[in-house]
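Enquirer: For reference, the structure I am asking about is given below.
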Amino acid sequence: MAKITYIEHGGTEHSVDVRNGLSVMEGAIKNNVPGIDADCGGACACATCHVYVDDAWREKTGSASAMEESMLDFAQNVEPNSRLSCQIRVTDALDGLIVRLPEDQH
Amino acid sequence: MSDQRIVILGAGHAGGSVAAFLRQYGHTGPIAIIGDEPVLPYQRPPLSKAWLKGEAGEDDLQLRPPSFYEEASVEVRLGVRATAIDREAHTVALSDGSSLAYGKLILAMGARARPLPAPGTDLAGVYVLRTAADAEALKSELTPGRRLMIVGGGYVGLEVAASGRALGAEVTVIEREPRLLARVAGEALSGFFHGYHGARGVRFVLGGSVSAIEGEGGKVSAVVLDHGERLPCDVVLVGVGAIPNQELAQAAGLACQDGVVVDGQARTDDPDIYAIGDLTRRPLPLYNRAFRLESVPSALEQAKQAAADITGFKPPPPEVPWFWSDQYDLKLQIAGLPFDVDHLIVRGDPLSAKFAVFHMSGDLIQAVEAVNSPAEFMGGRLLIGARRPVSREKLADPAISMKEVGV
């Protein structure tokens, strides 16, 4: 279980408990956090679950796979701390994670 | 008017999503979703993939958690369906005998599996795959050594073939056309999937038409082809396409043409009735034609169109149609549609299971089929949407970045 804070583009914060094994994307959907579309449901096929990982957490969330890198490479408003949240698995080690959401996923 | 009652017929991906977009875009009036399945809106794509293989649970399929509908004040009535629309009175009659008044009505009844025109489809052990209940029943049959006969070499058929192999079943795919994915993909892709499945133990009967399904004691025992060959089996999956659930709309006098006809804002020819998702025949501005798309992205785009039109929110930008499929370790992503194509460009080597097929009209990309090639998919999608011509030589060279192929 990890407490994850999702910060919407407008600044609204949602701190929710997400169980281990879910993705950071699923944590948002299951807790009604707006701003993550996840059109493909987590298949790493659409790049609509884009988040910015807080700098303090970049190491713990690991690095993107080649597949994810390529998807991100063509997404909008990508930064060095951009990730697809369907590709980040929740574990106890992510307790306290902070991610920020882009203005738009499309 | 943002306080009128909106009634959504159909609780699938389209119906569930449009309710959420309506609230997001500021609709404050009542919203009711009417669904004939006994479950809250869920995602269908995993039914033939991760879910069938047991890699995803029921919870994982839910489009949104049950708390969403409560918090958003969306009334969901399950296990009921609409039996008639009275356009003049602005009411919908429901199968439980009640009736519901609407300010705006959104049709999202989806499509159903096309029946196989052959005797024997009512035998036990013959399935289609459309709903969670279908998937549950099929899953219980797919155990090691069971002989699964799949009728139809389209995406549903191939995804179930891959899942069936993962579960240890013996799989045969029967396709009427001389190649797989004949209606939806180019020959290069068809050939690739044929080889990839074949190498993983799937048998194919191409150009084979099913004349009957035979049973013993009410349970399926064989599939018979039209030239008389009898293929013994334990389970049959029929995946030969889908037909839109448009009867209700037709009876109400709405324009239908293999799908409820809508415009670019998901409006039918009745100003108070919208239609979204697999049910609709929708305009494709990029291709100057109307088409019935069976895909989640199209359903989501139309859900946004309808919600925006009803609430006065800014309409969503037009999207390039896209699709995806997972089979074994392959991720197939498709952008665009192969209309008006005069030649193909293959980028990468199909033997490496990492390549993309570009369907070209002159120097314009009409569609791209990308296997384990997300950059080709994402880059191709942008080029298609921008109608930007490309250099054919550069596109054919995988060493040149997709960002550099435009001219």
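Enquirer: Please specify each residue of the range A:34-62 satisfying the condition of being within 11 Å of chain B (Cβ to nearest Cβ), more than 23 Å from B:Asp326 (Cα to Cα) and open to solvent by less than 40 Å² (accessible area, probe 1.4 Å). Can you show your working first?
Expert: Going through the range A:34-62, the residues within 11 Å of chain B (Cβ to nearest Cβ) turn out to be A:34-35, A:37-48.
Checking the rest, the ones that are also more than 23 Å from B:Asp326 (Cα to Cα) come to A:34-35.
Within the range A:34-62, A:Gly35 is the sole residue that qualifies.
Yes/no matrix, rows are residues, columns are (1) among the small types (Gly, Ala, Ser); (2) under 30 Å from B:Tyr102 (Cβ atoms); (3) more than 14 Å from every other protein chain (Cβ to nearest Cβ):
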{"site": "B:Thr280", "(1), (2), (3)": "no, yes, yes"}
{"site": "B:Lys304", "(1), (2), (3)": "no, yes, no"}
{"site": "B:Ile310", "(1), (2), (3)": "no, yes, yes"}
{"site": "B:Pro318", "(1), (2), (3)": "no, yes, no"}
{"site": "B:Ser325", "(1), (2), (3)": "yes, no, no"}
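Enquirer: Being surrounded by fewer than 19 Cβ atoms within 10 Å (Cβ to Cβ), closer than 22 Å to B:Tyr25 by Cα and more than 14 Å from every other protein chain (Cβ to nearest Cβ): is that true of A:Gly11 here? Before the answer, list the steps.
Expert: Values: surrounded by fewer than 19 Cβ atoms within 10 Å (Cβ to Cβ): yes; closer than 22 Å to B:Tyr25 by Cα: yes; more than 14 Å from every other protein chain (Cβ to nearest Cβ): yes.
It is true that A:Gly11 is surrounded by fewer than 19 Cβ atoms within 10 Å (Cβ to Cβ), closer than 22 Å to B:Tyr25 by Cα and more than 14 Å from every other protein chain (Cβ to nearest Cβ).
Enquirer: Filtering the range B:344-372 down to residues that are within 14 Å of chain A (Cβ to nearest Cβ) and of a type in the set (D, E, K, R), which residue is surrounded by the fewest Cβ atoms within 10 Å (Cβ to Cβ)?
Expert: The extreme case among them is B:Lys354.
Enquirer: Among the candidates B:Lys314, B:Lys354, B:Lys304, which residue alone is under 29 Å from B:His197 (Cα atoms) and basic (Lys, Arg)? Step through it out loud before you land on a result.
Expert: Working: B:Lys314 fails: under 29 Å from B:His197 (Cα atoms); B:Lys304 fails: under 29 Å from B:His197 (Cα atoms).
Only one candidate qualifies: B:Lys354.
Enquirer: What are the residue pairs meeting all of these: first residue in the range A:60-77, first residue under 14 Å from B:Gly379 (Cβ atoms), second residue part of a loop (DSSP other than H, G, I, E, B) and aliphatic (A, V, I, L, M), Cβ atoms under 6 Å, and 6 or more apart or on different chains?
Expert: A:Met71/A:Ala47; A:Leu72/A:Val78; A:Ala75/A:Ala47
Enquirer: Quick test for you: out of B:Asp272, B:Asp349, B:Asp340, B:Asp326, pick the one residue that is out of contact with any Phe, Trp or Tyr (no Cβ under 9 Å at 6 or more places or on another chain) and not polar (S, T, N, Q). Talk me through it step by step, then tell me what you get.
Expert: Numbers: B:Asp272 fails: out of contact with any Phe, Trp or Tyr (no Cβ under 9 Å at 6 or more places or on another chain); B:Asp349 fails: out of contact with any Phe, Trp or Tyr (no Cβ under 9 Å at 6 or more places or on another chain); B:Asp340 fails: out of contact with any Phe, Trp or Tyr (no Cβ under 9 Å at 6 or more places or on another chain).
Sole residue among the options that is out of contact with any Phe, Trp or Tyr (no Cβ under 9 Å at 6 or more places or on another chain) and not polar (S, T, N, Q): B:Asp326.
To keep it simple, each residue is scored yes or no on (1) touching a helix residue (DSSP H, G or I) at 6+ places or on another chain (Cβ under 8 Å); (2) of a type in the set (D, E, K, R).
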residue: A:Met1; (1), (2): yes, no
residue: A:Glu13; (1), (2): no, yes
residue: A:Asn20; (1), (2): yes, no
residue: A:Glu26; (1), (2): yes, yes
residue: A:Ala43; (1), (2): yes, no
residue: A:Thr61; (1), (2): yes, no
residue: A:Ala66; (1), (2): no, no
residue: A:Leu72; (1), (2): no, no
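Enquirer: Among (1) surrounded by 17 or more Cβ atoms within 10 Å (Cβ to Cβ); (2) in contact with a Leu (Cβ under 9 Å, 6 or more places away or on another chain), which single condition is B:Leu116 missing?
Expert: Going through (1) surrounded by 17 or more Cβ atoms within 10 Å (Cβ to Cβ); (2) in contact with a Leu (Cβ under 9 Å, 6 or more places away or on another chain) one by one, B:Leu116 breaks only (2).
Enquirer: Looking only at the range B:18-60, which residues are under 19 Å from the mean Cα position of the chain (by Cα), within 13 Å of chain A (Cβ to nearest Cβ) and not in a loop (DSSP other than H, G, I, E, B)?
Expert: Once the filter is applied, which keeps residues that are under 19 Å from the mean Cα position of the chain (by Cα), within 13 Å of chain A (Cβ to nearest Cβ) and not in a loop (DSSP other than H, G, I, E, B), the range B:18-60 yields B:Tyr42, B:Pro45, B:Pro46, B:Leu47, B:Ser48, B:Asp60.
Enquirer: Report, by residue number, each residue of the range A:63-75 that is within 14 Å of chain B (Cβ to nearest Cβ), part of a loop (DSSP other than H, G, I, E, B) and surrounded by fewer than 16 Cβ atoms within 10 Å (Cβ to Cβ).
Expert: At the first step, the residues of the range A:63-75 found to be within 14 Å of chain B (Cβ to nearest Cβ) are A:64-75.
From what is left, the residues that are part of a loop (DSSP other than H, G, I, E, B) are A:64-65, A:74-75.
Matches in the range A:63-75: A:Ser65 only.
Enquirer: Please verify whether the range B:142-155 includes one or more residues that are modelled with pLDDT of 95 or more and at positive phi.
Expert: Yes, there is a match, as at least one residue in the range B:142-155 is modelled with pLDDT of 95 or more and at positive phi.
Enquirer: So B:Ala375 ticks every box in (1) more than 14 Å from chain A (Cβ to nearest Cβ); (2) part of a helix (DSSP H, G or I); (3) surrounded by 14 or more Cβ atoms within 10 Å (Cβ to Cβ) but one. Which box is left unticked?
Expert: (1)
Enquirer: Would you confirm, using the coordinates I've provided, whether B:Pro117 is under 30 Å from B:Leu142 (Cβ atoms), away from chain A (no Cβ under 13 Å) and without any contact (Cβ under 8 Å) to a residue 24 or more places away in the chain?
Expert: Numbers: under 30 Å from B:Leu142 (Cβ atoms): yes; away from chain A (no Cβ under 13 Å): yes; without any contact (Cβ under 8 Å) to a residue 24 or more places away in the chain: yes.
Here the answer is yes, as B:Pro117 does meet what is asked.
Enquirer: Any idea how many residues of the range B:386-407 are open to solvent by less than 40 Å² (accessible area, probe 1.4 Å) and either touching a Pro at 6+ places or on another chain (Cβ under 9 Å) or within 14 Å of chain A (Cβ to nearest Cβ) (or both)? Quick ask: steps written out before the conclusion?
Expert: Kept after step one, since they are open to solvent by less than 40 Å² (accessible area, probe 1.4 Å), are these residues of the range B:386-407: B:390-391, B:395, B:402, B:405-406.
If we keep only those that are either touching a Pro at 6+ places or on another chain (Cβ under 9 Å) or within 14 Å of chain A (Cβ to nearest Cβ) (or both) too, we end up with B:402, B:405-406.
Residues in the range B:386-407 being open to solvent by less than 40 Å² (accessible area, probe 1.4 Å) and either touching a Pro at 6+ places or on another chain (Cβ under 9 Å) or within 14 Å of chain A (Cβ to nearest Cβ) (or both): 3 in total.
Enquirer: Could you please give the count of residues in the range B:292-343 that are open to solvent by 20 Å² or more (accessible area, probe 1.4 Å) and in a strand (DSSP E or B)?
Expert: Number satisfying all stated conditions: 5.
Enquirer: Continuing with the same structure: Determine whether the range B:133-146 contains at least one residue that is over 25 Å from the mean Cα position of the chain (by Cα), more than 14 Å from chain A (Cβ to nearest Cβ), of a type in the set (Val, Ile, Thr) and over 18 Å from B:Gln250 (Cα atoms).
Expert: At the first step, the residues of the range B:133-146 found to be over 25 Å from the mean Cα position of the chain (by Cα) are B:143-146.
Within this subset, residues satisfying the condition of being more than 14 Å from chain A (Cβ to nearest Cβ) are B:143-146.
Next cut, of a type in the set (Val, Ile, Thr) only: B:143.
Adding the requirement that they be over 18 Å from B:Gln250 (Cα atoms) leaves B:143.
Yes: the range B:133-146 contains one or more residues that are over 25 Å from the mean Cα position of the chain (by Cα), more than 14 Å from chain A (Cβ to nearest Cβ), of a type in the set (Val, Ile, Thr) and over 18 Å from B:Gln250 (Cα atoms).
Enquirer: Separate question: Inspect all residues belonging to the range B:21-30 and state whether any of them is open to solvent by 50 Å² or more (accessible area, probe 1.4 Å) and touching a Leu at 6+ places or on another chain (Cβ under 9 Å). Before the answer, list the steps.
Expert: At the first step, the residues of the range B:21-30 found to be open to solvent by 50 Å² or more (accessible area, probe 1.4 Å) are B:23-24, B:28, B:30.
Going one step further and asking which of them are touching a Leu at 6+ places or on another chain (Cβ under 9 Å), we end up with none.
No, the conditions are met nowhere in the range B:21-30.
Enquirer: Which residues, counting only those in the range A:1-43, are touching a residue at least 12 places away in the same chain (Cβ under 8 Å), acidic (Asp, Glu) and part of a strand (DSSP E or B)?
Expert: A:Asp17
Enquirer: Tell me yes or no: at least one residue of the range B:378-389 is within 23 Å of B:Gly191 (Cβ to Cβ) and either assigned by TED's automatic domain parsing to the domain that holds B:Ser48 or within 26 Å of the chain's Cα centre (by Cα) (or both).
Expert: Of the residues in the range B:378-389, the ones within 23 Å of B:Gly191 (Cβ to Cβ) are B:380.
Checking which are either assigned by TED's automatic domain parsing to the domain that holds B:Ser48 or within 26 Å of the chain's Cα centre (by Cα) (or both) leaves us with B:380.
Looking through the range B:378-389, at least one residue is within 23 Å of B:Gly191 (Cβ to Cβ) and either assigned by TED's automatic domain parsing to the domain that holds B:Ser48 or within 26 Å of the chain's Cα centre (by Cα) (or both).
Enquirer: Name the residue, out of B:Gly35, B:Gly54, B:Gly79, that is modelled with pLDDT of 95 or more, loosely packed, with under 14 Cβ neighbours inside 10 Å and not aromatic (Phe, Trp, Tyr).
Expert: Matching residue, one of B:Gly35, B:Gly54, B:Gly79: B:Gly79.
Enquirer: Another one. Taking the range B:73-92 on its own, how many of its residues are over 28 Å from the mean Cα position of the chain (by Cα) and not in a strand (DSSP E or B)?
Expert: Number of matching residues: 5.
The values are calculated or read from the model by the stated rules, or taken from the named source; none is laboratory data. Given the structure is predicted, the values throughout are model-derived calculations rather than measurements. When we count neighbours, we look across all protein chains shown, and the Cβ atoms used for this are built from the backbone with ideal geometry, even at glycine. To get the accessible areas, we keep the full protein, side chains included, count just its heavy atoms, and leave off ligands, DNA and RNA. Shrake-Rupley method; radii C 1.70, N 1.55, O 1.52, S 1.80 Å.
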